[in-house]
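The values are calculated or read from the model by the stated rules, or taken from the named source; none is laboratory data. If you're wondering where the values come from, they're calculated on a predicted model, not measured in any experiment. Note: ideal-geometry Cβ built from the backbone for every residue, glycine included; neighbour counts use all protein chains shown. Please note that ligands, DNA and RNA were not included when accessible areas were found on the heavy atoms of the full protein model with its side chains. Shrake-Rupley method; radii C 1.70, N 1.55, O 1.52, S 1.80 Å.
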Amino acid sequence: MLLPQYILDIFAIYEANGYEAFVVGGCVRDAICKRNCHDYDVITNALPQETIALFQQIGLRILPTGFAHGTLTLIYQEHFIEITTYRKEDDYIDHRRPANISFTKSIYEDLKRRDFTINAIAYHPVHGLIDPFCGIKDIHRRTIRCVGDPNKRMEEDALRILRALRFSAQLSFTIEEKTWQAILTHAMDIDYVSKERIQAEFNQYLCSDKPNALHFLRAANVLELILPEMQRIYDAPQPTPWHAYDIFTHTDIALNHSKGYNLEKKLAIVFHDLGKPLCESFDEKGIVHYHGHAEISKEIAKQRLKQLHYSNTVIKYITTLIAFHDYYVCPKRKVLRRFLSKLDNDIELALDILDIQLADNHAKHPKLQKELIENVLASKALLLQIQKEQDMIQRKDLAVNGHDIIALGYQGADIKKALEMLYQTVIEDPSQNTKDNLLSLLKTFKS
């Protein structure tokens, strides 16, 4: 494992003063997995106050970011390095926090408190790998396994449940049977985890591009705890020619086709059909219809995302994607100009919406997918052409303005209605956008 020079410098400073230090956790695991390492966590037998004195005396800045837990942040060569004293933890409370923390001189004791064997490996370029719980073997086996008793580990800190699922998704590792059973047993304890931490883990999980990601969380008894609304669509049939799968399976298949999408688009797919059970109706042939489900799904997403502490900006973007996920498009300029007009001519937003439609269509009836997918792809291509040619029409581009409309006797709300009527006319046929023609239309409309 090759460590960057700034980490080697830190080791040298400790060792010159009679202390030891190792890198630990994710950076070691990722190096063994041959994944890129970005953050390096350092552990040491030096007490926090000793570490502070050590680096301050050579003019370096060190922040007491988690002093009570033995964690400090060293700023060195524009890097922020987290340094923690070896510690032991006992008597966890609220299924999240240890009641007692004590420092130790034993690296074994520090590694023993960690969640999974793959994260309980330390490294030093001279001393090599310290792996008392066979984490390297589990990495080669592609296995997530708790350090020690899985039930005790999960009972101590419920966040470990989400971390196990996230690591499994990110690394494509299986979860060892006893660890899996502990997850099932203690899943309800996720309620003790803060919304911010749940959101952070869920975000990373979704962005892992794990196949059948929602079914996996459901099997772990976790999905309905993160998103209670999901229970409405579990095994909910869709007796319509457009669909071959229940709503939940359809949603998961759509998510399977979101590889490489950003977080907002993935979240939009997760929520896009949650409103269906609340608005289903059946025609005389027994075919189900879901009129208005996009708007209901949008409201469900808005409320749940607020509760999970997503920002207002993110929520607005996601709910816009949901609101338009079933908006009709086809590769015709007037149709796409009308589509853009509803989005303030935001091409990037329009393309993101079509990405949602593309994933959604991949999850519809296999016999209908090809035509639906080709329609969206052709629409995306034409949108890009429209963008290149700047063939978008904005309200300010109209050949008449509010003063012209008022001069014809329009008042109050009728002015806005008249402008919108003209705008939609010009979107349909840009050649109509002359002052004489629009004034003539206004006179006809008023009469």
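Tabulated results
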{"quantity": "Answer residue from the range 28-54, given it is touching an Asp or Glu at 6+ places or on another chain (Cβ under 8 Å) and crowded, with 21+ Cβ neighbours inside 10 Å and is nearest to residue 2 (Cα to Cα) among those", "calculated": "42"}
{"quantity": "Count of the range 230-276 residues which are in a loop (DSSP other than H, G, I, E, B) and of a type outside the set (D, E, K, R)", "calculated": "19"}
{"quantity": "The listed residue being basic (Lys, Arg) and either over 29 Å from residue 136 (Cβ atoms) or at pLDDT 95 or above (or both), out of 35, 97", "calculated": "97"}
{"quantity": "Residue 256 being open to solvent by 40 Å² or more (accessible area, probe 1.4 Å) and at positive phi", "calculated": "no"}
{"quantity": "Qualifying positions in the range 189-209 - under 12 Å from the mean Cα position of the chain (by Cα) and touching a residue at least 24 places away in the same chain (Cβ under 8 Å)", "calculated": "198, 199, 201, 202, 203, 204, 205, 206, 207, 208, 209"}
{"quantity": "Selected residue (only one of 344, 391 is surrounded by fewer than 19 Cβ atoms within 10 Å (Cβ to Cβ), touching a Pro at 6+ places or on another chain (Cβ under 9 Å) and part of a loop (DSSP other than H, G, I, E, B))", "calculated": "391"}
{"quantity": "Flag if residue 64 is exposed (fewer than 15 other Cβ atoms within 10 Å of the Cβ), over 28 Å from residue 167 (Cα atoms) and out of contact with any helix residue (DSSP H, G or I) (no Cβ under 6 Å at 6 or more places or on another chain)", "calculated": "yes"}
{"quantity": "Residue in the range 69-83 that is touching a Phe, Trp or Tyr at 6+ places or on another chain (Cβ under 8 Å), within 25 Å of residue 188 (Cβ to Cβ) and open to solvent by less than 40 Å² (accessible area, probe 1.4 Å) present", "calculated": "no"}
{"quantity": "Residue that is nearest to the chain's Cα centre (by Cα) [pool: residues in the range 5-32 that are part of a loop (DSSP other than H, G, I, E, B) and modelled with pLDDT of 95 or more]", "calculated": "20"}
{"quantity": "Residue within the range 235-248 that is farther than 28 Å from residue 26 by Cβ, within 19 Å of the chain's Cα centre (by Cα) and either modelled with pLDDT of 95 or more or open to solvent by 40 Å² or more (accessible area, probe 1.4 Å) (or both) present", "calculated": "yes"}
{"quantity": "First in the range 49-77 and touching a residue at least 12 places away in the same chain (Cβ under 8 Å), second anywhere and basic (Lys, Arg) and surrounded by fewer than 16 Cβ atoms within 10 Å (Cβ to Cβ), Cβ under 7 Å, 6 or more apart", "calculated": "75/61"}
{"quantity": "Scope the range 184-209; condition open to solvent by 20 Å² or more (accessible area, probe 1.4 Å), in contact with a Lys or Arg (Cβ under 8 Å, 6 or more places away or on another chain) and of a type in the set (D, E, K, R); matching residues", "calculated": "209"}
{"quantity": "Verdict on residue 425 being assigned to a helix (DSSP H, G or I) and within 26 Å of residue 348 (Cα to Cα)", "calculated": "yes"}
{"quantity": "Residue satisfying all of: in the range 394-421; assigned to a helix (DSSP H, G or I) and over 19 Å from residue 443 (Cα atoms); most open to solvent (accessible area, probe 1.4 Å) among these", "calculated": "396"}
{"quantity": "Scope the range 210-229; condition in a loop (DSSP other than H, G, I, E, B) and either in contact (Cβ under 8 Å) with a residue 60 or more places away in the chain or surrounded by 17 or more Cβ atoms within 10 Å (Cβ to Cβ) (or both); matching residues", "calculated": "210, 220, 222, 227"}
{"quantity": "Test result for residue 377, open to solvent by less than 80 Å² (accessible area, probe 1.4 Å), part of a helix (DSSP H, G or I) and of a type in the set (A, V, I, L, M, F, W, C)", "calculated": "no"}
{"quantity": "Test: residue in the range 267-276 that is within 18 Å of residue 317 (Cβ to Cβ) and either surrounded by fewer than 20 Cβ atoms within 10 Å (Cβ to Cβ) or of a type in the set (Lys, Arg) (or both)", "calculated": "no"}
{"quantity": "Counted residues, the range 277-317 - those being touching a strand residue (DSSP E or B) at 6+ places or on another chain (Cβ under 7 Å) and either open to solvent by less than 20 Å² (accessible area, probe 1.4 Å) or in a helix (DSSP H, G or I) (or both)", "calculated": "1"}
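So that you can scan it fast, the table gives a plain yes or no per residue for (1) crowded, with 22+ Cβ neighbours inside 10 Å; (2) without any contact (Cβ under 8 Å) to a residue 12 or more places away in the chain; (3) among the hydrophobic types (A, V, I, L, M, F, W, C); (4) more than 17 Å from residue 25 (Cβ to Cβ):
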residue: 96; (1), (2), (3), (4): no, no, no, yes
residue: 99; (1), (2), (3), (4): no, yes, yes, yes
residue: 111; (1), (2), (3), (4): yes, no, yes, no
residue: 124; (1), (2), (3), (4): no, no, no, no
residue: 140; (1), (2), (3), (4): no, yes, no, yes
residue: 149; (1), (2), (3), (4): no, yes, no, yes
